[in-house]
1. Can you tell which of Ala47, Pro10, Ile317 lies farthest toward the positive end of the dipole of the chain, using +1 and -1 charges on the Cβ of basic and acidic side chains (Lys, Arg; Asp, Glu)?
2. Quick check on the range 88-238: take the gyration tensor over C-alpha atoms, sort the square-rooted eigenvalues as a ≥ b ≥ c, and tell me if it's rounded (a/c under 1.5), prolate or oblate.
3. Mind checking the full-extension length gain between Asp40 and Ala297? Use 0.36 nm per residue of separation minus the Cα-Cα distance, one decimal, nm.
4. Pop a pseudo-label 7 angstrom from the Cα along the beta-carbon direction at both Gln111 and Ser314 and give the gap in nm to one decimal.
5. Binned at 10 Å from 0, what are the whole-percent values of the Cα-Cα distance distribution for the range 350-433, short to long?
6. Which of rounded, prolate or oblate describes the range 203-324 when judged by the alpha-carbon gyration tensor and an a/c cut-off of 1.5?
7. Kindly list the residues of the range 191-220 that lie in the label zone of Glu440, defined by a backbone N under 19 Å from the point 7 Å along the Cα-to-C-beta vector.
8. I need two numbers for the chain: Rg to one decimal and Dmax as a whole number, Cα atoms only, in Å.
Amino acid sequence: MTALDETHDPVRRCWVPGADGHAEFPIQNLPMGVFSVDGDDPRGGIAIGDRILDLKALAASGLLIGEAQAACEAASGPALNGWLALPPGERSGLRRHVSDLLWSEGVLRPQAEEIAGDLLVDASRATMHMPAIVGDYTDFYAGIRHAENVGALFRPDNPLLPNYKHVPIGYHGRASSIRVSGTDVRRPNGQVKGPDDAVPRFGPCARLDYETELAIWVGPGNALGEPIPIGHAASHIAGYGLLNDWSARDIQAWEYQPLGPFLAKNFATTVSPWIVTADALLPFRTERPARPAGDPAPLAYLDGEEDRAAGGLSIDIEVFLSTPAMREKGLAPVRLAGCTTRDLYWTPAQMLAHHTSGGCDLRPGDLLGSGTISGADASSFGSLLEITAGGRNPVSLPGEETRTFLQDGDEIVMRARASRPGAVPIGFGECRAVVLPAPEMGR
Ligand code: MN
């Protein structure tokens, strides 16, 4: 595991106005994304305060040399897959050079500040795009309390299936329908059959839900047939984001047996636009959460010294809802819940090592979802299915509205923050989308 360096130094200041003390993007963060302005070409950028450092402009500036210049060029196109493919040391090198460039006391400050008009864009003017082309997307199920809560709704006597504590459960999701934050999500039509229905019917999903997840962005990856050992897994994770795994619960309940989720999940997945790098999150790594007494130890291929010591992450995620009526009245979004990645049963490295353990190849830009993250009670549950106990306990909203599941026009916003004493807190940006009505059914 790489050590903390000057880029994490809590006293490091930045010459970009508003960056110091910024709630999400101080100089200690430097997340990577893809943006455009006024319909021009999408290119890589780094969030700094309320600005975006244009990596295409930086690559053309002559301010970088050698490996850092090459890494900047790899990140200056319309998708960050080339940057994700770089060895971790080269990605870290670009981060160190950019940090120095933006540092108040950096030697290149005068040259950088002189062309700040070319290098920096107001984030409010930018349109964010998908940070990478996602070739494959896999959704895990590592939130054990979510697994218990959902299991209890379906199997009150036997909530957690016997494999759960031995094998990281996941399924192969759909990459084509992943969209960046801000893209509307259309309610799906699908086949549903209620418990009292004699036959299924086809129509709009009536139990539309969100799932609060951590996005894990794959770096270099592996060749087919060559598993990534747990000890190397962390170096294949380039960064993290937020992921909303939209879920049609009524469609899911009818279709999921015996092969698992299909159309209930494949109509949309929303990700936040910024890849918060594994480097930026180093101060917020924790020991792998201890397993309760009596739980099985992970098998050797899922157990490593480094993962035990620092495989965990401490990230707090919050979920907000606003309805059309709330927005009309100028009411602020209501906070539905807050959860933490400390409640994941499997670490990202364990998920990645497991994914490749049978020989499956991961490629730069592949995306893993952690699975819905839930805590001990309803204030920390990661989905409406859990918060409302399967729709039995509606959520009260300002203006005398209630919700069991999402209605058309509802907007879900996820935000996240990593903090700990002695480190500058960093944020993730937003993972946001509005639900649109289901399409008219053609014949
Ligand atoms: Mn999920």
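Throughout, read-outs are computed from the coordinates displayed, never taken from laboratory work. Because the structure is a prediction, the values reported are computed rather than measured. No Cβ is skipped: glycine too gets one built from the backbone with ideal geometry, and neighbour counts run over all protein chains shown.
1. Ile317
2. Prolate, since a/c reaches 1.5 and a/b exceeds b/c.
3. 87.3 nm
4. Taking the simple label geometry, Gln111 and Ser314 are separated by 3.9 nm.
5. Per 10 Å bin, starting at zero, the Cα-Cα P(r) for the range 350-433 comes out as 12, 30, 31, 22, 5, 0 percent.
6. prolate
7. 202-205
8. Cα only, the chain: 21.8, 74 Å (Rg, Dmax).
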